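Here the structure comes first, spelled out in structure tokens, and everything after it is commentary.
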Amino acid sequence: MDLMDSLFVRPDRGGPGLLLRGAPGVGMTALLDAAAVRAADVGMRVLRASAVAFEMNFSALHQMLYPLRHQADRLAGHLRDTRHRIFGLAPGPSPDPLDALTAVLALLGEVSVERPLLLIADDVPRIGRASATVPGFVVRRIRDEPVVLLAATRTGVNWLFHQLQLPVRETGPLAA
């Protein structure tokens, strides 16, 4: 069975996920698009972020989790306040990193009860450090929850996601 297919065999059971690695332009974003469609077909909720050079701090995290902004009210007081600050819905400075990580972990755990989650991160070396630490934190702790991470990175670039020791799929150019 292909590593990518293994993400969808049991969407009710989480797992660490998969890191796609290849040269720029080989089609990793197309693979991520196909994975998003496949995940939706098997009933998973897809949360996605892609890097943009001019955005920083929690911008990629904001992009990935923005569809869950209405569920943030389910969290306990201080976690809810932290999530609201991440989304810019409450005044105050950027949240403490551990508070942000804990709030996201709680939110994903809460939301994954409804249906399994696929977190997709495209071009991870360009995702800001504040955002990139969150999927890593989540993947290391939600092993028994229905949450998986699918990320893409360029060959020869080592960054935070490499420390997760996810299975890696080397990606060559896709056929038309």
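Worth pointing out:
- Modelled spin-label separation between E114 and F87, with each label point placed 7 Å from Cα along the Cα-to-Cβ direction: 1.1 nm.
- Calculated log₁₀ intensity ratio I(q)/I(0) where the Debye formula runs over C-alpha points of the range 44-146, q = 0.13, 0.16, 0.24 Å⁻¹: -0.41, -0.63, -1.47
- Paired Rg and Dmax values of the range 55-108, which use every Cα atom, in angstrom: 9.8, 29
- Cut-off under 5 Å, modelled amide H: who pairs with S50 long-range: D122
- Measuring r between the beta carbons of R141 and A175 and using R0 = 25 Å, the FRET efficiency lands at 0.10.
- When the range 67-176 is described by a simple charge dipole with +1 on each Lys and Arg Cβ and -1 on each Asp and Glu Cβ, the residue from F87, L174, V134 located farthest towards its positive end is L174.
Only the coordinates and a few stated rules stand behind these numbers; no lab work does. Treat the numbers as computed from the prediction; the structure is a model and nothing was measured. All Cβ positions, even for glycine, are placed from backbone atoms using ideal geometry, and neighbour counts span all protein chains on display.
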